[in-house]
Amino acid sequence: MAKQPSSTTPPSEPINETGDASVIGKGRSTPTRREREAANKRPLVPTDRREASKQARAKAAEARERARVGMANGEDRYLPTRDKGAQRKFVRDWVDARWSVGEFLIPIMFLVIIVTFIPDAYVQTYSIFALWGFFLLAVLDVVILGFILQRKLTAKFGEGRVERGFRWYAAMRALQLRPLRLPKPQVKRGKYPN
């Protein structure tokens, strides 16, 4: 094979991004594969274990805090399985929009405990009976809430599409003090969902 004669015209110099022809290409050589792999290598066991465990704890704490805030705000991604879904959100919003007798159950119980320190037997007896009466009112309120929600969920989602367990879910939420509910209430009182 014969050698081809080279052309007499010199090749044009490549110009870099700044327009300067003195530096050819990107200004540095392309790293070899070995150099790239060495730059990406991290030891399996860190050299400073205390610092690594401190960073791991901080990262886990940050993830927990993000999940706690997300759950409190009702973000579906952070909710536990029992709270996920459109029907559960509807039940939560409906319960949070109304006044429930059960919300006052815990404060009434504390009041009865304080009243039982009064040394009068009649006062103690009547306070216990009043507590049981209030408890029965709370149960009646929760039963009525279950029937109302059954009707509302059927109207909104269809006859056969209502999930099971919504009555118990609504009852447990209705019996909690409003500030202690998780996820936090997203609606104001009286603002019922459509």
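The values are calculated or read from the model by the stated rules, or taken from the named source; none is laboratory data. In this text the structure is predicted, and so the values were computed from the model without any measurement. Backbone-built Cβ (ideal geometry, glycine too); neighbour counts: all protein chains shown. Quick note on the areas: whole protein, heavy atoms, side chains included, nothing else; ligands and nucleic acids left out. Shrake-Rupley method; radii C 1.70, N 1.55, O 1.52, S 1.80 Å.
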Relative to the present Cα-Cα distance, how much length would full extension add between Leu44 and Val162 at 0.36 nm per residue of separation? 37.4 nm
At R0 = 30 Å the Cβ-Cβ FRET efficiency linking Ala58 and Gln176, nearest 0.05, sits at 0.40
Gln124 and Glu65 label points (each 7 Å along its Cα→Cβ direction) are spaced in nm at 4.9
Among all helices in the chain defined by DSSP H, which have a length of 20 Å or more along the axis from Cα atoms plus a Kyte-Doolittle mean of at least 0.5? 121-157
Taking R0 as 25 Å and r as the Cβ-Cβ distance between Thr154 and Lys184, the FRET efficiency 1/(1 + (r/R0)^6), rounded to the nearest 0.05, comes to 0.35
For the chain, built as a Gaussian network whose Cα springs stay under 10 Å, the top-fluctuating residue of Gly146, Gly158, Gly102: Gly158
Carbon and sulfur %, accessible surface of the chain computed with the full protein complex present, 1.4 Å: 61
Tell me, what is the per residue accessible area of the chain in Å², probe radius 1.4 Å? 78
Please give, to one decimal in nm, the separation of the simple spin-label points placed at Trp132 and Arg77, each 7 Å out from Cα toward the Cβ. 5.2
For the chain, just run the numbers: alpha carbon Rg, then divide by 2.2 N^0.38 Å, N being how many residues it has. 2.12
Using Cα pairs closer than 8 Å and at least 6 residues apart in sequence, work out the relative contact order for the chain, in percent. 27
Using r as the Cβ-Cβ distance of Lys191 and Lys84, and R0 as 25 Å, what FRET efficiency do you calculate, to the nearest 0.05? 0.70
When we measure straight from the Cα of Lys89, which lysines land under 18 angstrom away, once same-chain ones fewer than 8 places off are left out? Lys152, Lys156, Lys184, Lys188, Lys191
